[in-house]
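What follows is a set of notes on a single structure, which appears directly below.
The values are calculated or read from the model by the stated rules, or taken from the named source; none is laboratory data. Predicted, not measured: the structure shown is a model, and the values here were computed from it. Note that we place each Cβ from the backbone using ideal geometry, even for glycine, and neighbour counts take in every protein chain shown. Side chains included, ligands, DNA and RNA excluded: accessible areas come from the protein's heavy atoms. Shrake-Rupley method; radii C 1.70, N 1.55, O 1.52, S 1.80 Å.
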Amino acid sequence: MRTATRRKEELFGGATARAAGRSDAAALAEVAARYAVAITPAIEALIDPSDPNDPIARQFVPDPRELERHADEDADPIGDDAHSPVEGIVHRYPDRVLLKLVNACAVYCRFCFRREMVGPGRGGLAGKALEAALDYIARRPEIWEVILTGGDPLVLSPRRIKDVVRRLAAIPHVKVIRVHTRLPVAAPERITSALVRALKSDKAVFVVLHANHARELSAAARAACARFVDAGIPMLSQTVLLRGVNDNAETLGALMRALVECRIKPYYLHHADLAPGTAHLRTSLREGQDIMRKLHGRTSGLCQPSYVLDIPGGFGKSPVGPSYIGADGSIEDFNGRRHAYPAE
(Lines give C-alpha, C1' and ligand atoms only; values in the text may rest on other atoms or scores of the structure.)
Protein backbone atom coordinates (compact mmCIF):
# COMPACT_ATOMS: atom_id res chain seq x y z
CA MET A 1 0.00 0.00 0.00
CA ARG A 2 1.63 3.24 -1.11
CA THR A 3 -0.61 5.66 0.78
CA ALA A 4 1.45 7.82 3.13
CA THR A 5 0.40 7.52 6.77
CA ARG A 6 1.72 9.09 9.93
CA ARG A 7 3.64 6.70 12.19
CA LYS A 8 2.18 5.94 15.62
CA GLU A 9 4.92 7.86 17.44
CA GLU A 10 4.24 10.96 15.33
CA LEU A 11 0.49 10.67 15.79
CA PHE A 12 0.63 10.38 19.55
CA GLY A 13 3.08 13.23 19.94
CA GLY A 14 1.44 15.59 17.45
CA ALA A 15 -1.76 17.33 16.50
CA THR A 16 -3.97 14.26 16.63
CA ALA A 17 -3.05 13.50 20.23
CA ARG A 18 -3.77 17.11 21.20
CA ALA A 19 -7.09 16.94 19.35
CA ALA A 20 -8.02 13.94 21.45
CA GLY A 21 -7.27 15.90 24.60
CA ARG A 22 -4.63 13.35 25.63
CA SER A 23 -1.13 14.26 26.78
CA ASP A 24 -0.37 10.69 27.86
CA ALA A 25 1.09 9.05 24.77
CA ALA A 26 1.52 5.79 26.67
CA ALA A 27 -2.24 5.45 27.15
CA LEU A 28 -2.83 5.89 23.42
CA ALA A 29 -0.03 3.46 22.59
CA GLU A 30 -1.77 0.82 24.70
CA VAL A 31 -4.81 1.10 22.45
CA ALA A 32 -2.58 0.92 19.35
CA ALA A 33 -1.06 -2.30 20.66
CA ARG A 34 -4.57 -3.78 20.54
CA TYR A 35 -6.05 -2.19 17.40
CA ALA A 36 -4.55 -0.84 14.18
CA VAL A 37 -3.91 2.89 13.92
CA ALA A 38 -3.16 4.91 10.77
CA ILE A 39 -4.06 8.45 9.78
CA THR A 40 -3.27 9.88 6.36
CA PRO A 41 -2.13 13.47 5.80
CA ALA A 42 -5.50 14.22 4.17
CA ILE A 43 -7.38 13.15 7.30
CA GLU A 44 -4.99 14.84 9.72
CA ALA A 45 -5.39 18.10 7.80
CA LEU A 46 -9.13 17.99 8.60
CA ILE A 47 -8.62 17.74 12.37
CA ASP A 48 -8.95 20.87 14.48
CA PRO A 49 -6.29 20.36 17.20
CA SER A 50 -7.85 23.12 19.33
CA ASP A 51 -11.16 21.23 19.62
CA PRO A 52 -11.07 18.35 22.14
CA ASN A 53 -14.37 17.12 20.67
CA ASP A 54 -13.38 17.38 17.01
CA PRO A 55 -15.64 14.98 15.05
CA ILE A 56 -12.86 13.96 12.64
CA ALA A 57 -10.39 13.19 15.43
CA ARG A 58 -13.08 11.22 17.23
CA GLN A 59 -13.29 8.84 14.28
CA PHE A 60 -9.58 8.15 13.88
CA VAL A 61 -7.56 9.09 16.99
CA PRO A 62 -7.28 6.29 19.57
CA ASP A 63 -9.17 6.64 22.82
CA PRO A 64 -8.40 4.72 26.05
CA ARG A 65 -12.09 3.75 26.25
CA GLU A 66 -11.44 1.35 23.38
CA LEU A 67 -9.92 -1.00 25.95
CA GLU A 68 -13.28 -1.25 27.77
CA ARG A 69 -15.10 -4.28 26.42
CA HIS A 70 -18.80 -4.66 27.21
CA ALA A 71 -20.52 -8.03 27.65
CA ASP A 72 -22.69 -7.59 24.56
CA GLU A 73 -19.75 -6.78 22.26
CA ASP A 74 -18.24 -9.36 19.92
CA ALA A 75 -15.08 -9.69 17.84
CA ASP A 76 -17.28 -10.62 14.86
CA PRO A 77 -20.37 -8.53 15.63
CA ILE A 78 -22.23 -9.11 12.36
CA GLY A 79 -21.36 -12.79 12.01
CA ASP A 80 -19.15 -12.77 8.91
CA ASP A 81 -17.49 -16.02 9.95
CA ALA A 82 -20.81 -17.87 10.12
CA HIS A 83 -21.39 -17.14 6.43
CA SER A 84 -17.88 -17.65 5.06
CA PRO A 85 -17.85 -20.90 3.05
CA VAL A 86 -14.36 -20.24 1.69
CA GLU A 87 -11.65 -17.73 2.62
CA GLY A 88 -12.49 -14.21 1.48
CA ILE A 89 -16.18 -14.87 0.78
CA VAL A 90 -19.16 -13.89 2.92
CA HIS A 91 -22.41 -15.26 1.47
CA ARG A 92 -25.15 -13.98 3.77
CA TYR A 93 -27.84 -13.07 1.22
CA PRO A 94 -28.99 -15.29 -1.66
CA ASP A 95 -28.12 -13.04 -4.61
CA ARG A 96 -24.88 -11.36 -3.49
CA VAL A 97 -21.57 -12.03 -1.81
CA LEU A 98 -18.80 -10.03 -0.19
CA LEU A 99 -15.34 -10.57 -1.66
CA LYS A 100 -12.80 -9.47 0.95
CA LEU A 101 -9.70 -8.77 -1.13
CA VAL A 102 -7.46 -7.16 1.47
CA ASN A 103 -7.30 -6.70 5.23
CA ALA A 104 -5.60 -3.29 5.19
CA CYS A 105 -6.97 0.25 5.02
CA ALA A 106 -5.47 3.69 4.42
CA VAL A 107 -6.97 4.78 7.75
CA TYR A 108 -8.44 2.77 10.61
CA CYS A 109 -11.78 3.90 12.00
CA ARG A 110 -12.09 3.59 15.78
CA PHE A 111 -15.59 2.10 15.43
CA CYS A 112 -14.77 -0.50 12.74
CA PHE A 113 -16.79 -3.71 13.05
CA ARG A 114 -13.86 -5.64 11.55
CA ARG A 115 -11.28 -4.05 13.86
CA GLU A 116 -10.18 -7.47 15.12
CA MET A 117 -9.37 -8.60 11.58
CA VAL A 118 -7.80 -5.61 9.81
CA GLY A 119 -4.44 -3.92 10.11
CA PRO A 120 -0.94 -3.74 8.71
CA GLY A 121 0.56 -7.12 7.85
CA ARG A 122 -2.78 -8.91 7.92
CA GLY A 123 -2.41 -9.86 4.26
CA GLY A 124 -5.17 -10.33 1.76
CA LEU A 125 -6.62 -12.65 -0.82
CA ALA A 126 -4.17 -13.92 -3.42
CA GLY A 127 -2.98 -17.06 -5.15
CA LYS A 128 -4.96 -20.21 -4.46
CA ALA A 129 -7.25 -18.44 -1.98
CA LEU A 130 -8.34 -15.89 -4.60
CA GLU A 131 -8.83 -18.67 -7.16
CA ALA A 132 -11.04 -20.59 -4.72
CA ALA A 133 -13.12 -17.49 -3.98
CA LEU A 134 -13.65 -16.70 -7.66
CA ASP A 135 -14.48 -20.36 -8.32
CA TYR A 136 -17.09 -20.25 -5.56
CA ILE A 137 -18.75 -17.28 -7.28
CA ALA A 138 -18.54 -18.85 -10.74
CA ARG A 139 -20.22 -22.07 -9.57
CA ARG A 140 -23.28 -20.35 -8.10
CA PRO A 141 -25.60 -18.81 -10.68
CA GLU A 142 -27.74 -17.19 -7.98
CA ILE A 143 -24.94 -14.68 -7.29
CA TRP A 144 -26.01 -11.54 -9.16
CA GLU A 145 -23.81 -9.02 -7.32
CA VAL A 146 -20.28 -9.11 -5.92
CA ILE A 147 -19.26 -6.52 -3.31
CA LEU A 148 -15.54 -5.80 -3.06
CA THR A 149 -14.61 -4.99 0.52
CA GLY A 150 -11.97 -5.74 3.10
CA GLY A 151 -10.23 -3.69 4.48
CA ASP A 152 -10.40 -1.18 1.67
CA PRO A 153 -10.08 -2.81 -1.77
CA LEU A 154 -8.91 0.41 -3.42
CA VAL A 155 -5.61 0.36 -1.53
CA LEU A 156 -4.61 -2.34 -4.01
CA SER A 157 -2.79 -1.38 -7.18
CA PRO A 158 -4.87 -0.51 -10.27
CA ARG A 159 -3.36 -3.57 -11.94
CA ARG A 160 -4.69 -5.95 -9.28
CA ILE A 161 -8.07 -4.21 -9.13
CA LYS A 162 -8.42 -4.38 -12.92
CA ASP A 163 -7.60 -8.09 -12.90
CA VAL A 164 -10.29 -8.88 -10.29
CA VAL A 165 -12.92 -6.72 -12.01
CA ARG A 166 -12.12 -8.31 -15.36
CA ARG A 167 -12.41 -11.83 -13.96
CA LEU A 168 -15.68 -11.08 -12.18
CA ALA A 169 -17.11 -9.47 -15.32
CA ALA A 170 -16.31 -12.66 -17.24
CA ILE A 171 -18.72 -14.64 -15.04
CA PRO A 172 -22.03 -14.48 -16.96
CA HIS A 173 -24.37 -14.42 -13.96
CA VAL A 174 -22.47 -11.65 -12.17
CA LYS A 175 -24.22 -8.49 -13.34
CA VAL A 176 -23.20 -5.94 -10.69
CA ILE A 177 -19.86 -5.17 -9.03
CA ARG A 178 -19.94 -2.90 -6.00
CA VAL A 179 -16.83 -1.40 -4.39
CA HIS A 180 -16.86 -0.08 -0.80
CA THR A 181 -14.12 2.42 0.03
CA ARG A 182 -12.89 5.28 2.22
CA LEU A 183 -10.03 6.17 -0.11
CA PRO A 184 -11.51 9.25 -1.86
CA VAL A 185 -11.73 10.88 1.60
CA ALA A 186 -8.66 9.33 3.24
CA ALA A 187 -6.22 9.60 0.33
CA PRO A 188 -7.86 11.44 -2.58
CA GLU A 189 -4.57 11.57 -4.50
CA ARG A 190 -4.83 7.79 -4.90
CA ILE A 191 -7.95 8.12 -7.07
CA THR A 192 -5.98 8.34 -10.29
CA SER A 193 -7.13 7.96 -13.86
CA ALA A 194 -5.48 4.52 -13.86
CA LEU A 195 -7.51 3.42 -10.85
CA VAL A 196 -10.74 4.74 -12.37
CA ARG A 197 -9.98 2.89 -15.61
CA ALA A 198 -9.36 -0.28 -13.61
CA LEU A 199 -12.99 -0.22 -12.46
CA LYS A 200 -14.50 0.29 -15.90
CA SER A 201 -16.42 -2.72 -17.12
CA ASP A 202 -19.27 -3.75 -19.38
CA LYS A 203 -20.99 -4.87 -16.17
CA ALA A 204 -22.60 -2.34 -13.82
CA VAL A 205 -20.01 -0.99 -11.36
CA PHE A 206 -20.91 1.14 -8.33
CA VAL A 207 -18.54 2.80 -5.87
CA VAL A 208 -19.84 3.25 -2.31
CA LEU A 209 -18.09 5.96 -0.32
CA HIS A 210 -17.87 5.76 3.46
CA ALA A 211 -18.17 9.26 4.94
CA ASN A 212 -19.53 10.34 8.34
CA HIS A 213 -19.16 14.13 8.45
CA ALA A 214 -19.48 16.88 5.85
CA ARG A 215 -15.96 18.12 6.59
CA GLU A 216 -14.60 14.88 5.17
CA LEU A 217 -15.74 16.07 1.74
CA SER A 218 -12.80 18.41 1.20
CA ALA A 219 -12.14 19.96 -2.18
CA ALA A 220 -9.67 17.16 -2.92
CA ALA A 221 -12.17 14.48 -1.86
CA ARG A 222 -14.89 16.03 -4.02
CA ALA A 223 -12.53 16.09 -7.01
CA ALA A 224 -11.64 12.42 -6.41
CA CYS A 225 -15.32 11.44 -6.34
CA ALA A 226 -15.96 13.46 -9.50
CA ARG A 227 -13.38 11.33 -11.31
CA PHE A 228 -15.55 8.27 -10.75
CA VAL A 229 -18.83 9.96 -11.61
CA ASP A 230 -17.47 11.74 -14.68
CA ALA A 231 -16.20 8.36 -15.91
CA GLY A 232 -19.74 6.97 -15.74
CA ILE A 233 -19.31 5.07 -12.45
CA PRO A 234 -22.26 5.88 -10.16
CA MET A 235 -21.58 6.55 -6.48
CA LEU A 236 -23.56 5.77 -3.35
CA SER A 237 -22.64 6.44 0.26
CA GLN A 238 -22.73 4.69 3.59
CA THR A 239 -22.51 6.42 6.94
CA VAL A 240 -22.27 5.14 10.50
CA LEU A 241 -24.30 6.96 13.15
CA LEU A 242 -21.72 7.95 15.78
CA ARG A 243 -22.05 9.73 19.10
CA GLY A 244 -20.19 13.02 19.04
CA VAL A 245 -19.67 12.88 15.28
CA ASN A 246 -23.02 13.07 13.50
CA ASP A 247 -25.69 12.28 16.10
CA ASN A 248 -27.96 15.25 15.40
CA ALA A 249 -30.18 16.16 12.46
CA GLU A 250 -28.25 19.32 11.55
CA THR A 251 -24.89 17.57 11.22
CA LEU A 252 -26.27 14.50 9.51
CA GLY A 253 -28.42 16.59 7.15
CA ALA A 254 -25.39 18.70 6.19
CA LEU A 255 -23.48 15.53 5.32
CA MET A 256 -26.31 14.11 3.22
CA ARG A 257 -26.71 17.37 1.30
CA ALA A 258 -22.97 17.56 0.70
CA LEU A 259 -22.97 14.02 -0.67
CA VAL A 260 -25.83 14.74 -3.06
CA GLU A 261 -24.05 17.91 -4.21
CA CYS A 262 -21.16 15.61 -5.12
CA ARG A 263 -23.59 13.44 -7.14
CA ILE A 264 -23.43 10.69 -4.52
CA LYS A 265 -26.73 9.11 -3.47
CA PRO A 266 -26.98 8.43 0.28
CA TYR A 267 -27.58 4.69 0.61
CA TYR A 268 -27.21 3.40 4.18
CA LEU A 269 -27.08 5.00 7.60
CA HIS A 270 -25.70 2.17 9.74
CA HIS A 271 -26.47 1.87 13.41
CA ALA A 272 -23.04 1.32 14.99
CA ASP A 273 -22.21 -2.36 15.49
CA LEU A 274 -21.37 -4.06 18.78
CA ALA A 275 -17.63 -4.16 18.07
CA PRO A 276 -15.30 -4.39 21.08
CA GLY A 277 -14.37 -1.09 22.68
CA THR A 278 -16.85 1.05 20.74
CA ALA A 279 -19.60 1.68 23.32
CA HIS A 280 -18.57 5.33 23.74
CA LEU A 281 -19.32 5.92 20.05
CA ARG A 282 -22.71 4.20 19.85
CA THR A 283 -26.10 5.88 20.09
CA SER A 284 -29.39 4.21 20.95
CA LEU A 285 -31.82 3.09 18.26
CA ARG A 286 -34.35 5.56 19.64
CA GLU A 287 -31.89 8.42 19.13
CA GLY A 288 -31.29 7.30 15.54
CA GLN A 289 -35.00 7.11 14.82
CA ASP A 290 -35.50 10.59 16.25
CA ILE A 291 -32.82 11.98 13.93
CA MET A 292 -34.42 10.28 10.92
CA ARG A 293 -37.80 11.79 11.87
CA LYS A 294 -36.23 15.24 11.94
CA LEU A 295 -34.71 14.71 8.49
CA HIS A 296 -38.01 13.49 7.02
CA GLY A 297 -39.78 16.22 5.09
CA ARG A 298 -37.18 18.86 5.96
CA THR A 299 -34.41 17.40 3.83
CA SER A 300 -34.79 16.41 0.19
CA GLY A 301 -35.74 12.82 -0.54
CA LEU A 302 -32.44 12.55 -2.40
CA CYS A 303 -30.74 12.99 0.99
CA GLN A 304 -32.58 10.21 2.84
CA PRO A 305 -30.51 7.08 3.54
CA SER A 306 -32.02 3.84 4.81
CA TYR A 307 -31.39 3.55 8.54
CA VAL A 308 -30.34 -0.07 9.11
CA LEU A 309 -29.05 -2.36 11.82
CA ASP A 310 -26.92 -5.46 11.23
CA ILE A 311 -28.49 -7.97 13.59
CA PRO A 312 -25.76 -9.44 15.82
CA GLY A 313 -24.89 -13.03 15.03
CA GLY A 314 -25.00 -12.81 11.23
CA PHE A 315 -28.73 -12.55 10.56
CA GLY A 316 -28.42 -9.64 8.12
CA LYS A 317 -29.52 -6.03 7.93
CA SER A 318 -32.97 -4.85 8.93
CA PRO A 319 -34.46 -1.38 8.43
CA VAL A 320 -34.90 0.28 11.82
CA GLY A 321 -36.22 3.68 10.79
CA PRO A 322 -39.30 5.18 12.45
CA SER A 323 -42.80 4.19 11.42
CA TYR A 324 -45.34 6.82 10.44
CA ILE A 325 -48.37 4.52 10.68
CA GLY A 326 -50.31 4.83 13.93
CA ALA A 327 -52.01 1.99 15.79
CA ASP A 328 -55.33 3.33 14.45
CA GLY A 329 -54.06 3.29 10.85
CA SER A 330 -53.55 7.04 10.70
CA ILE A 331 -50.53 8.46 8.86
CA GLU A 332 -48.17 10.99 10.43
CA ASP A 333 -46.87 13.85 8.26
CA PHE A 334 -43.47 15.48 8.62
CA ASN A 335 -44.90 18.10 11.01
CA GLY A 336 -46.13 15.42 13.40
CA ARG A 337 -49.82 15.76 12.48
CA ARG A 338 -51.90 12.63 11.99
CA HIS A 339 -54.29 12.00 9.10
CA ALA A 340 -56.95 9.35 8.65
CA TYR A 341 -56.39 6.87 5.84
CA PRO A 342 -58.91 4.28 4.59
CA ALA A 343 -58.50 0.81 6.05
CA GLU A 344 -57.98 -2.00 3.57
query: Do we find that residue 88 is free of Cβ contacts under 8 Å to residues at least 12 places away in the same chain and either touching a Gly at 6+ places or on another chain (Cβ under 9 Å) or among the small types (Gly, Ala, Ser) (or both) in this structure?
result: no
query: With 138, 170, 129, 187 as the choices, which residue is surrounded by 21 or more Cβ atoms within 10 Å (Cβ to Cβ) and among the small types (Gly, Ala, Ser)?
result: 187
In the stretch 245-275, residue surrounded by the most Cβ atoms within 10 Å (Cβ to Cβ) [restricted to those that are in contact (Cβ under 8 Å) with a residue 60 or more places away in the chain and not hydrophobic (A, V, I, L, M, F, W, C)]: 246
Filter result for residue 281 (open to solvent by less than 50 Å² (accessible area, probe 1.4 Å), under 19 Å from the mean Cα position of the chain (by Cα) and either at negative phi or free of Cβ contacts under 8 Å to residues at least 24 places away in the same chain (or both)): yes
- request: Confirm whether residue 58 is part of a loop (DSSP other than H, G, I, E, B) and either modelled with pLDDT of 95 or more or more than 19 Å from the chain's Cα centre (by Cα) (or both).
  value: no
task: Please specify each residue of the stretch 255-287 satisfying the condition of being out of contact with any strand residue (DSSP E or B) (no Cβ under 8 Å at 6 or more places or on another chain) and closer than 12 Å to residue 211 by Cβ.
output: 258
- prompt: Which of the residues spanning the stretch 32-47 are open to solvent by less than 60 Å² (accessible area, probe 1.4 Å) and either modelled with pLDDT of 90 or more or in a loop (DSSP other than H, G, I, E, B) (or both)?
  reply: 35, 36, 37, 38, 39, 40, 42, 43, 44, 46, 47
Among (1) over 18 Å from residue 158 (Cβ atoms); (2) surrounded by fewer than 17 Cβ atoms within 10 Å (Cβ to Cβ) - the single one residue 242 does not satisfy: (2)
field: Subset of the stretch 195-237 [open to solvent by less than 40 Å² (accessible area, probe 1.4 Å) and in a helix (DSSP H, G or I)]
entry: 195, 196, 198, 199, 214, 216, 221, 224, 225, 226, 228, 229
message: It is to be established whether one or more residues within the stretch 143-163 are open to solvent by 10 Å² or more (accessible area, probe 1.4 Å), within 21 Å of residue 80 (Cα to Cα), part of a loop (DSSP other than H, G, I, E, B) and out of contact with any strand residue (DSSP E or B) (no Cβ under 6 Å at 6 or more places or on another chain).
response: yes
Residues (under 24 Å from residue 141 (Cα atoms), touching a helix residue (DSSP H, G or I) at 6+ places or on another chain (Cβ under 8 Å), open to solvent by 30 Å² or more (accessible area, probe 1.4 Å) and not in a loop (DSSP other than H, G, I, E, B)) located in the stretch 61-108: 91, 92
